[in-house]
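So the structure is just underneath, and the comments pick up after that.
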Amino acid sequence: MSAQIHANLTEEQVREISEGLDEPEWLLDERLDALAALDGLDMPDVIRTPGRNWTNLYNLDFENLVDPLNAAEEKDQVGPEEVEVLSIAEALAEHEDLVREHFGSIIDPTENYLTALQTALFSTGTVVFVPDGVDAEDVTVRTRMNSRSLFNYTLVVTGESSSVTILERQTTGDEIDGERYYSGLVEIAAGENSNVQYGSLQNVDEETYTYTLKRGHADTYATVNWIEGNVGSRLTKSSVETRLLGEGSESKIVGAFFGHDDQHFDVASRVWHEAEHTTADLVTRGVLDDEARSVYEGVQDVGREAWNTSSYQRENTLMLSDESEADASPKLIINNHDTEASHSATVGQVDQQDLFYMTSRGVSPRAARNMLVEGFFVPVLDEIAVEEFRDDLDDLVAARLRE
Amino acid sequence: MSSDQDHLRETDSEKRFEFKKEQSSAFQAEKGELDEETIRLISEDKDEPEWMLERRLRALRQFHAMPMPTDWPGQPDLSEVDVEEIVPYIRPDVEMRGGVDDWNELPEEIKDTFDKLGIPEAEKNALSGVGAQYESEVVYQNMQERWEEKGVIFCNMDKAVQEHPEIVKEYFMTKCVPPSDNKFAALHGAIWSGGSFVYVPEDVTVEMPVQAYFRMNSEGMGQFEHTLIIAEENSEVHYIEGCSAPKYSKFNLHSGGVEVFVKENAHVQYSTVQNWSKNTYNLNTKRAICESEGTMEWISGSMGSKATMLYPSTILKGRGATDNHITIAFAGEGQNIDTGAKVYHNAPRTKSTIESKSISKDGGRTNYRGLVHISDGAENSSTSVECDALMFDNESTSDTMPYMEIEESKVDVAHEATVGKIGDEDVFYLQSRGLDDDDAKQMIVAGFIEPITEELPIEYAVELNRLIELEMEGSLG
């Protein structure tokens, strides 16, 4: 089943976006190739058991969601001096070769319908270059979406033995009648022995559908660590992925989500061990209230040549309401026996004994429940090294609990 | 060590499982004719009532209308399975329709086959009753008198259609495994033959296991036995099936159907030791419906076959019902064992546990594919899933794909899986105590699968261990 939702998209629109960014010919060609490919592409994979797609992207009305020429956003992209934090246009002007080398090399633009749609239509983005040997903290990218649709591209390239911490936030601004669509692709090329920590906190309004795909390539001894927080949106389809391509490379993927009303979160964490001595740790915690629904997929794929692999995965979901639904599928795909791998997943409710204990000490049931929910996120918060980010996520959880 | 164990040890593996017999049959349906006429011929040969023929024909239509399962992530390749190439039905040349109840009345070649498999031995020593199926028909069936006196019925399925039509009509592929369940269930519904019917009346406990053994002997045939077990309130029974087939160059298809009804407070254990030859596609559908306070237990060992797709499932329909799965899969060279468990928690206070172990070796591929579904309203239910995979070498593959669908908040759900290679330290330790490398590994594997073997009667536990030893020696073709 290929998607047929682009009746209102034209080559002229794509050329207009490209001209507006004063793009080189090769990038326009990439866009046009992606546009041409749309016809034959499927939606991204979702968890599927016979007879059931757990998230149905084909039902989304993209024709009305996508408004290619009226993208508007407020953007805030800053970092310390020794790092280059550039808009797409700036990056093309100053480092065209570097952008050309990496653009689309980690996420194939034609990987699925939504990556192709984004490649054809993206109008905003951030490029972060970290030179060899530089240690940088506090690169901040804030995107506030003010239009019906927004396509946002991020590229991070780190030099040898460098390190960088990047915090990204997505929110919605101006009121829009009806639903909207946010799409974000993130490509990270982590050079030898470099260390990237990439945190993302999504808190768009609940009329917004979001699709994000973040993928990093880790070179020898490189580390790519992700933090993925999802609080807002009506439907989120998010995947955070690392390919461990270099010997001794590592990745940690920490996820947190909190759904209420009829929110739907389809979140995935994936890691491919493709070299020797690689290590991965996947940790996700989610809370569901009201009629919210979560679909979690975690994949640990150990390749034939990935000798001496260590790979761990934990996923825990807390359900606060009878109407909520949690689906989980942690997958192990193991092709090399010299592996130590495990995964575990649990779903449960607030511990009644804890609740009883707290209420018997005079805490109101509501306050007790909130404390236990906040406590549930602590193991995930503990994994977040950046204080500001930890506080933000904590605040969002607390705010939701007070609603 | 019991004499059975000695008996099994003394029997040469090749002789026990791989010997072939000259084909001789009384009736054989032509391959490549999976149409209404063939179904009518089979039904006529069995002298079936009209309603069963109607069910077969309806299932046949469903079979033709359904697509092959092709798009499951990582599923075994079924492209070689051409149902039109299968000989769907072979009635062996046995005088008495529905089989004989004296072992000595069997034709020499069939008797000899089962003697080699140790079936009469097992019966003499530990079983309440035994049935044996050769090709498409049950050739031998026996139930100890003391159970018959209590109203326990253990007969072959074709006989049950004739003698207990009211019960069969109510339960056969209606509520538990309808032909519409999947393509191979539909195929099964159309051309099923043989299998077991077990009926245990209220308040009766059958203390010794009942056993059936299935043997495929002919090249290019399919075996489609149907097993229907009904355990009335407060009853208890343990059913064991074993199966084997020699290896031929062409593929065989096994597509059985198992339906188990566990009534209030009843207890059914269903144990399988599957050792189909390595050209067999084993595409089975097994399901149980469990009423309140009932307990269903599935114990399975999957050793043989070229490819297996089998996910025994239980519907926990009544309050307080329990389901336990213990499965072990062993995949050697060229094998793809895709198996797991499915549990539907549809009532409050239901409980399930799944314990899955797999071993892969010499390029074999094991896959745990499981589904735990907790419906809205199944409050205070709990489930725990544990998967352990042991890998011997770098050519082998082991995947774990559990799915959890949770629609109820007052639940306790836990899944855990681990994969590891056989511990070099453990092997070294055992070697330092004088065991050679092979013996050390076998001992580690025996320890790894112990949770399964301890649930089985001794004959089966021994057989399972023996089969794994043979797999590890690479001496099973």
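The values are calculated or read from the model by the stated rules, or taken from the named source; none is laboratory data. Keep in mind that this is a model prediction, so the values were computed, not measured. Quick reminder, even Gly has a Cβ in these numbers, built from the backbone with ideal geometry, and neighbours come from all protein chains shown.
The number of residues in region A:248-273 being in a loop (DSSP other than H, G, I, E, B) and in contact with a strand residue (DSSP E or B) (Cβ under 6 Å, 6 or more places away or on another chain) comes to 1.
Among A:Glu323, A:Glu291, A:Glu315, which is the only one that is in contact with a Ser or Thr (Cβ under 9 Å, 6 or more places away or on another chain), buried (at least 21 other Cβ atoms within 10 Å of the Cβ) and farther than 20 Å from B:Ile422 by Cβ?
Numbers: A:Glu323 fails: buried (at least 21 other Cβ atoms within 10 Å of the Cβ); A:Glu291 fails: buried (at least 21 other Cβ atoms within 10 Å of the Cβ).
That would be A:Glu315, the only listed residue that is in contact with a Ser or Thr (Cβ under 9 Å, 6 or more places away or on another chain), buried (at least 21 other Cβ atoms within 10 Å of the Cβ) and farther than 20 Å from B:Ile422 by Cβ.
Whether a residue is in contact with a Phe, Trp or Tyr (Cβ under 8 Å, 6 or more places away or on another chain), surrounded by fewer than 19 Cβ atoms within 10 Å (Cβ to Cβ), more than 9 Å from chain B (Cβ to nearest Cβ) and at pLDDT 90 or above was assessed, and A:Glu276 passes this test.
Against the list (1) more than 9 Å from every other protein chain (Cβ to nearest Cβ); (2) buried (at least 22 other Cβ atoms within 10 Å of the Cβ); (3) farther than 24 Å from A:Glu340 by Cβ, the condition B:Ser409 fails is (1). Comparison of B:Ile337, B:Ile328, B:Ile315 shows that the only residue that is more than 30 Å from B:Gly363 (Cβ to Cβ), β-branched (Val, Ile, Thr) and either crowded, with 24+ Cβ neighbours inside 10 Å or more than 14 Å from the chain's Cα centre (by Cα) (or both) is B:Ile315. When region A:202-231 is limited to residues that are aromatic (Phe, Trp, Tyr) and surrounded by fewer than 24 Cβ atoms within 10 Å (Cβ to Cβ), the one that is farthest from the chain's Cα centre (by Cα) turns out to be A:Tyr221.
One residue stands out in region A:25-49 among those that are surrounded by fewer than 15 Cβ atoms within 10 Å (Cβ to Cβ) and over 24 Å from A:Leu60 (Cβ atoms): the one that is farthest from the other protein chains (Cβ to nearest Cβ), namely A:Glu25.
Need at least 2 residues that are over 26 Å from A:His337 (Cβ atoms) and touching a Lys or Arg at 6+ places or on another chain (Cβ under 9 Å) per element, so show me which strands (runs of 3 or more DSSP E) inside region B:350-406 make the cut, counting only ones lying wholly within it.
On the way: elements: B:351-360, B:365-374, B:381-391, B:397-406.
Per the criteria, B:365-374, B:381-391.
Within the option set A:Arg304, A:Arg270, being surrounded by fewer than 24 Cβ atoms within 10 Å (Cβ to Cβ), modelled with pLDDT under 95 and not acidic (Asp, Glu) holds for one residue only, A:Arg304. Across region B:370-403, the number of residues qualifying as facing chain A (nearest Cβ under 9 Å) and over 30 Å from A:Gln352 (Cβ atoms) comes to 13.
Considering region B:412-430, the residues that are among the hydrophobic types (A, V, I, L, M, F, W, C) and more than 7 Å from every other protein chain (Cβ to nearest Cβ) include one that is nearest to A:Trp307 (Cα to Cα), namely B:Ile422.
Checked against the criterion of being in a helix (DSSP H, G or I), under 25 Å from the mean Cα position of the chain (by Cα) and of a type in the set (Gly, Ala, Ser), region A:89-103 has at least one qualifying residue.
Across region B:31-83, the number of residues qualifying as in a loop (DSSP other than H, G, I, E, B) and over 26 Å from the mean Cα position of the chain (by Cα) comes to 5. What residue, of A:Ala399, A:Ala385, A:Ala367, is exposed (fewer than 15 other Cβ atoms within 10 Å of the Cβ), free of Cβ contacts under 8 Å to residues at least 24 places away in the same chain and under 30 Å from A:Lys237 (Cβ atoms)? Only one candidate passes the filter, namely A:Ala399. Being within 14 Å of chain A (Cβ to nearest Cβ), assigned to a loop (DSSP other than H, G, I, E, B), farther than 26 Å from A:Gln300 by Cβ and without any contact (Cβ under 8 Å) to a residue 60 or more places away in the chain, is that true of even one residue in region B:313-332? No - not one qualifying residue is present in region B:313-332.
Among the residues of region A:218-270, which ones are touching a helix residue (DSSP H, G or I) at 6+ places or on another chain (Cβ under 7 Å) and either within 18 Å of A:Ile107 (Cβ to Cβ) or of a type outside the set (Gly, Ala, Ser) (or both)?
Residues of region A:218-270 touching a helix residue (DSSP H, G or I) at 6+ places or on another chain (Cβ under 7 Å): A:227, A:229, A:231, A:237, A:254, A:256, A:258, A:260.
Answer for region A:218-270, where residues must be touching a helix residue (DSSP H, G or I) at 6+ places or on another chain (Cβ under 7 Å) and either within 18 Å of A:Ile107 (Cβ to Cβ) or of a type outside the set (Gly, Ala, Ser) (or both): A:Ile227, A:Val231, A:Lys237, A:Val254, A:Phe258, A:His260.
Restricting attention to region A:127-152, which residues are under 19 Å from A:Ala222 (Cα atoms), outside any loop (DSSP other than H, G, I, E, B) and of a type outside the set (A, V, I, L, M)? A:Phe129, A:Asp135, A:Glu137 - these are the residues of region A:127-152 that are under 19 Å from A:Ala222 (Cα atoms), outside any loop (DSSP other than H, G, I, E, B) and of a type outside the set (A, V, I, L, M).
With the checklist (1) small (Gly, Ala, Ser); (2) without any contact (Cβ under 8 Å) to a residue 60 or more places away in the chain; (3) in contact with a helix residue (DSSP H, G or I) (Cβ under 7 Å, 6 or more places away or on another chain) in hand, flag the one item A:Gly199 doesn't pass. Going through (1) small (Gly, Ala, Ser); (2) without any contact (Cβ under 8 Å) to a residue 60 or more places away in the chain; (3) in contact with a helix residue (DSSP H, G or I) (Cβ under 7 Å, 6 or more places away or on another chain) one by one, A:Gly199 breaks only (2).
Do we have A:Leu155 as part of a strand (DSSP E or B), in contact (Cβ under 8 Å) with a residue 40 or more places away in the chain and either surrounded by fewer than 24 Cβ atoms within 10 Å (Cβ to Cβ) or under 13 Å from the mean Cα position of the chain (by Cα) (or both) here?
Numbers: part of a strand (DSSP E or B): yes; in contact (Cβ under 8 Å) with a residue 40 or more places away in the chain: yes; either surrounded by fewer than 24 Cβ atoms within 10 Å (Cβ to Cβ) or under 13 Å from the mean Cα position of the chain (by Cα) (or both): no.
Criteria not met by A:Leu155.
Counting only helices (runs of 4 or more DSSP H) wholly contained in region A:300-403, the ones carrying 1 or more residues that are facing another protein chain (nearest Cβ under 10 Å) occupy A:352-360. Every test in (1) modelled with pLDDT of 90 or more; (2) closer than 17 Å to A:Gly184 by Cβ; (3) of a type in the set (A, V, I, L, M) is passed by A:Leu60 save one, and that test is (1).
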